[in-house]
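The values are calculated or read from the model by the stated rules, or taken from the named source; none is laboratory data. Computed from a predicted structure; not experimentally measured. Positions of Cβ are backbone-derived with ideal geometry, glycine not excepted, and every protein chain shown enters the neighbour counts. Note: accessible area is taken over every heavy atom of the protein model, side chains too, but ligands, DNA and RNA are not part of it. Shrake-Rupley method; radii C 1.70, N 1.55, O 1.52, S 1.80 Å.
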Amino acid sequence: MIAPWIELAGVAVFAVSGALAAGRKSLDLLGVVVIAWVTATGGGTLRDLLLDRPVFWVERPQFLVAALIAALLTVPYVRFARPPEKLLELADALGLALFSILGAQVSIALEKPGLIAVVMGTITGAFGGLLRDVLCNEIPMILQKGNIYATAAISGCALMVLLLHVGIAAPAAAAAGMILVAMMRIAAIVFGLTLPVFTLPEDRRP
């Protein structure tokens, strides 16, 4: 089991990234809160709706409170200090690792197939950011050229499912999955790693 405060910290990190995105678009305070909430809870909300289970923040409103507090604290902070961008990206990588694996675990607990667990884990970790970027009129991060984001979530969730399939204990499998997600995303941030890009030759384009 993941400690509740770690889950709340992950929600707060995603909320901060949403608040910063709203700030870059010069939205008002309500816009900041909405974007922060969507970023922090969007993935888990879609997962729960698809799995036909109670939406997590309806059952535990403290997640909404954590996102709200993080968003409201971000506003005055950026007026006096420049956000440490790399540090926030690294924190976001840890949040992605945490929520991707949690999302996959929820699906596994409901006895869904491994493929569905991977899909639900990826949705949980990455869909909030996709909604944030769409609402802010940006190309979603997970669709930007060569960006290793959703790929990291897919890889970590797939590793966890595979380890469970061969009989590895659930805590160890989850830990291995989280480590892989975090390592892939952090390596992409620190070393600028990207995926190969598919480009249709000029003479073959319609």
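Among the residues of region 104-135, which ones are open to solvent by 30 Å² or more (accessible area, probe 1.4 Å) and of a type in the set (D, E, K, R)?
Residues satisfying the conditions are GLU111, LYS112.
Of these, LEU72, LEU68, LEU50, LEU27, which one is touching a Phe, Trp or Tyr at 6+ places or on another chain (Cβ under 8 Å), modelled with pLDDT of 90 or more and either more than 21 Å from ALA152 (Cα to Cα) or surrounded by fewer than 20 Cβ atoms within 10 Å (Cβ to Cβ) (or both)?
On the way: LEU72 fails: touching a Phe, Trp or Tyr at 6+ places or on another chain (Cβ under 8 Å); LEU50 fails: touching a Phe, Trp or Tyr at 6+ places or on another chain (Cβ under 8 Å); LEU27 fails: touching a Phe, Trp or Tyr at 6+ places or on another chain (Cβ under 8 Å).
None of the other options fit; the residue is LEU68.
Take the conditions hydrophobic (A, V, I, L, M, F, W, C), within 19 Å of PRO76 (Cα to Cα) and in contact with a Leu (Cβ under 9 Å, 6 or more places away or on another chain) and apply them to ALA40. Does it pass?
no
State all residues of region 8-58 that are in contact (Cβ under 8 Å) with a residue 24 or more places away in the chain, farther than 19 Å from PRO84 by Cβ and small (Gly, Ala, Ser); if no residue qualifies, say none.
ALA40, GLY42, GLY43, GLY44 - these are the residues of region 8-58 that are in contact (Cβ under 8 Å) with a residue 24 or more places away in the chain, farther than 19 Å from PRO84 by Cβ and small (Gly, Ala, Ser).
Do you know which residues across region 94-103 are open to solvent by less than 60 Å² (accessible area, probe 1.4 Å) and over 18 Å from THR45 (Cβ atoms)?
ALA97
Taking the residues in region 166-193 that are among the β-branched types (Val, Ile, Thr) and modelled with pLDDT under 90 as candidates, determine which candidate is least open to solvent (accessible area, probe 1.4 Å).
ILE189
Look through LEU143, LEU135, LEU130 and report the one residue that is farther than 22 Å from PRO196 by Cα and in contact with a helix residue (DSSP H, G or I) (Cβ under 9 Å, 6 or more places away or on another chain).
LEU135
If you scan region 53-65, which residues turn out to be touching a Leu at 6+ places or on another chain (Cβ under 8 Å), within 17 Å of ARG132 (Cβ to Cβ) and surrounded by fewer than 22 Cβ atoms within 10 Å (Cβ to Cβ)?
The answer is TRP57, and nothing else.
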